[in-house]
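What follows is a short report on a single structure.
The values are calculated or read from the model by the stated rules, or taken from the named source; none is laboratory data. Here the structure is a predicted model, which means the values were calculated and not measured. Here Cβ is always computed from backbone atoms with ideal geometry, including for glycine, and neighbour counts include all displayed protein chains. The accessibility values were calculated without ligands, DNA or RNA, using every heavy atom of the protein model including side chains. Shrake-Rupley method; radii C 1.70, N 1.55, O 1.52, S 1.80 Å.
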Amino acid sequence: MARIEFVVESPLSPEDVLENLVDFGERRPELWPAIDPAVYQVHSVGEHWAEVTEGTDVLGGIWARERYDWSRPGVVTATIQDSNLWRPGGTWKLDAESRPGGGSRLTVTRDRRAKSIKARLLEGVLRIVGSRMLASELRKAPALGLVDDVS
């Protein structure tokens, strides 16, 4: 199991970041470029939850069907329902809080359990470079306002 925690700051307010995080419209893969549009599928959406399949073509393809929950103010949690690499029940959580002077501080906690050899190998790499690598990828998301917005 690899539990990884990292912090990213954004010039956007916590409310704006969270609004982008729970936007399950057509533009989601543009706002969050780590999501492969060919894998992205919205199954159902409620008032404070959504069930979505997302993934990437990295390492031959990684996907997870996750249930997003944003019923707690300032927090979005995604829990794995099914995946080709991870066991059900694994999570990632984003806590957004205001920064003095504006913007937001985002704390991301990822806690997943491997279910295949490929996933165990990936977990080994993530134990070493995971927080830096995942934070770097997150900073590339236009949804955080750190790069040019998607037109």
- Two pseudo-spin positions, 7 Å from Cα along C-beta at Thr109 and at Glu137, lie apart in nanometres by 2.1
- Which value, in debye to the nearest 20, describes the size of the charge dipole of the chain about its Cα centre when Lys and Arg Cβ atoms bear +1, Asp and Glu Cβ atoms bear -1, and nothing else is charged? 920
- Task: Report relative contact order for the range 1-121 in percent, whole number only (criteria: Cα-Cα under 8 Å, sequence separation at least 6).
- Result: 29
- Integer Hz, Karplus 6.51/-1.76/1.60 couplings in order for the range 64-79, x for Gly and Pro: 8, 8, 10, 9, 7, 9, 10, 6, 8, x, x, 9, 10, 10, 10, 10
- Just the number, please: carbon plus sulfur as a percent of the accessible area of the chain, 1.4 Å probe, no ligands or DNA/RNA counted. 52
- For the range 111-120, 3J(HN,Hα) per residue [Karplus equation, 6.51 cos²θ - 1.76 cosθ + 1.60, θ = phi - 60°, Hz, x = Gly/Pro]: 9, 10, 10, 5, 10, 8, 4, 4, 5, 5
- Message: So, R0 is 35 Å and r is the distance between the beta-carbons of Arg65 and Leu146; what FRET efficiency does that work out to, to 0.05?
- Response: 0.80
- Message: Let's see if you can work this out: charge +1 on each Lys and Arg Cβ, -1 on each Asp and Glu Cβ, no other charges. What is the dipole magnitude of the range 44-118 about its Cα centre, in debye to the nearest 20?
- Response: 360
- Item | the range 64-87 versus the range 32-46: alpha-carbon centroid distance in Å | 12
- Note on the structure: Residue-normalised value, i.e. accessible area per residue, for the chain at 1.4 Å probe, in Å², stands at 54
- Charge dipole of the chain built from unit charges on the beta carbon (Lys, Arg +1; Asp, Glu -1), centred at mean Cα; most positive-end Cα among Asn84, Trp32, Val52 is Asn84
- Select from the range 1-110 those GluC sites (Glu not before Pro) which occupy a DSSP coil region and have at most 10 other Cβ atoms within 10 Å, ordered by residue number. Glu26, Glu47
